[in-house]
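Beneath this line is the structure, given in structure tokens, with notes to follow.
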Amino acid sequence: MTAVGFIGLGLMGEPMARNLIAAGFKLRVFNRSLAKAEPLAGLGAVVCASAAEAAQTGGIVVTMLANDAALEEVTLGAGGILKTLGRDGVHLSMSTVSPETARKLAEAHEKAGSHYVAAPVFGRPDAAAAKELNICLSGPAAAKARVKPLLEAMGRTVHDFGTGPGTANVVKLCGNFLILAAIESLAEALALAEKHGIDRAAVATFFSETRFNCPVYKGYGAILAARRYAPPGFALELGYKDSQLIQATAAKARVPMAVADLVDERLRASIAKGRQNLDWTAIELLVAEAAGLSAG
């Protein structure tokens, strides 16, 4: 089987790469901090000194990076994958980035004779480890067919949103907005219950098992009820990055999003208070403080 490049071995990327290895793919991995690649070397992955080295001409490279700047550098930079990937190569970008960045990179790949497929994911690190990710997909049909075995090895479901390079990223941002809105709503509801002397955990459990029986309310409800914000499954500073992408994407399309404005303010204020390394659910602390509650 042709070796697959994998770039970005953070909280999400590392378990995703492990699942590819478990599925029989031979990986060539690169991470800015090479120490994070060492455990995968023990599983048979080849650790590379640069992003370009992780790519092979005509092959497939998966990227799972923190932001647009990192993705552009890994793709277009001096040590990037674009030239090495070459004709008929496929870049499977699984990062949460702006649709504009996706379109820019897709155009660069097209000029180089390679292909760009957007495949951002829904799920936290535990879901990544369990192959329970929900994956949004968009890009050229032939390239999507080629990466399908990889997606099936990393996720539970794959949802195709057409050929537009930025389409899957718009869906991802819509989803992250809905998650943030749910976190805010849960935080306010739990504050209201707690102010009336009702156990917040009991309230979160009741709603997540009855009228709001869904993964977001179950998972985030439990985190919020216990105020379990460290260590983060998804850091608040990364949540703010995504919120800024939502804001920019909405502004470009002239879509007013009042709730998105509110949660963006929550994230920014939380960072101002030094909470950027907590989980993004820690915006709840602002709600508790405003209600005069002790958050411990």
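The values are calculated or read from the model by the stated rules, or taken from the named source; none is laboratory data. Note that the structure is a prediction, hence the values are computed from the model and not measured. All Cβ positions, glycine included, derive from the backbone under ideal geometry; neighbour counts span all protein chains shown. Keep in mind that these areas ignore ligands, DNA and RNA; they rest on the heavy atoms of the full protein, side chains included. Shrake-Rupley method; radii C 1.70, N 1.55, O 1.52, S 1.80 Å.
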- Among Pro125, Ala182, His159 - extreme Cα towards positive end, dipole of the chain, charges at beta-carbon: His159
- Message: At 20 °C and a viscosity of 1.002 mPa s, what translational diffusion coefficient does Stokes-Einstein give for the range 95-173, taking Rh as the Kirkwood radius over Cα pairs? Give it in µm²/s as a whole number.
- Response: 171 µm²/s
- Once both labels are modelled 7 Å past Cα along the beta-carbon direction, what's the Thr163-Ala201 spacing in nm? 5.4 nm
- Give the carbon-plus-sulfur fraction of the accessible surface of the range 90-245 in %, rounded to a whole number; probe 1.4 Å, heavy atoms of protein chains only. 60 percent
- If you take the Cα atoms of the range 188-235, find Rg, then find the Kirkwood Rh from the mean of 1/r over all pairs, what is Rg/Rh? 0.99
- Residues of type aspartates and glutamates that Lys83 reaches as a straight line, Cα spacing below 18 Å, ignoring anything fewer than 8 places off in the same chain: Glu53, Glu72, Glu73, Glu107, Glu110
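Given the pairs Lys131/Lys273; Lys36/Lys218; Lys218/Lys241; Lys172/Lys195, which are separated by over 29 angstrom at their Cα positions?
Among Lys131/Lys273; Lys36/Lys218; Lys218/Lys241; Lys172/Lys195, the Cα-Cα distance tops 29 Å for Lys131/Lys273; Lys36/Lys218; Lys172/Lys195.
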- For the range 19-62, the Debye formula with one identical point scatterer on each Cα and no solvent gives log10 I(q)/I(0) at q = 0.17, 0.22, 0.24, 0.28 Å⁻¹ as -0.44, -0.72, -0.85, -1.08
- Message: Rounded to whole Å, give me the distance from the Cα center of the range 131-193 to that of the range 260-290.
- Response: 23 Å
- Run through all the Cα pairs of the range 135-199 and give the fraction in each 10 Å bin from 0, expressed as whole percent. 19, 32, 20, 15, 11, 3
- Quote the convex hull volume per residue of the range 181-280, based on C-alpha atoms, as a whole number of Å³. 110 Å³
- Note on the structure: Computed Rg/Rh for the range 36-173 (Cα atoms; Rh = Kirkwood radius) stands at 0.94
- Query: Counting each DSSP H run of 4 or more residues in the chain as -39500 (n - 2.57), what helix-only mean residue ellipticity at 222 nm follows after dividing by all residues, to the nearest 500 deg cm²/dmol?
  - Reply: -16000 deg cm²/dmol
- What is the set of long-range amide H partners of Thr163 at a cut-off below 5 Å, with H atoms built 1.01 Å from backbone N? Gly139
- Unit-weight point scatterers at every alpha-carbon of the range 226-296, Debye formula, q = 0.14 1/Å: log10 I(q)/I(0) is -0.44
- Message: Quick test of the membrane-span-like rule: which DSSP H helices of the chain reach at least 27 Å along their long axis (C-alpha atoms) with mean Kyte hydropathy at least -0.5?
- Response: 167-195
- Expressed in whole Å with the largest first, what are the equivalent ellipsoid semi-axes of the chain derived from the C-alpha gyration tensor as the square root of 5 times each eigenvalue? 36, 20, 17
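Efficiency by 1/(1 + (r/R0)^6): what FRET value for Arg228 and Arg146, r their Cβ-Cβ distance, R0 = 30 Å, to the nearest 0.05?
Details: r = 40 Å, r/R0 = 1.33.
Calculated transfer efficiency: 0.15.
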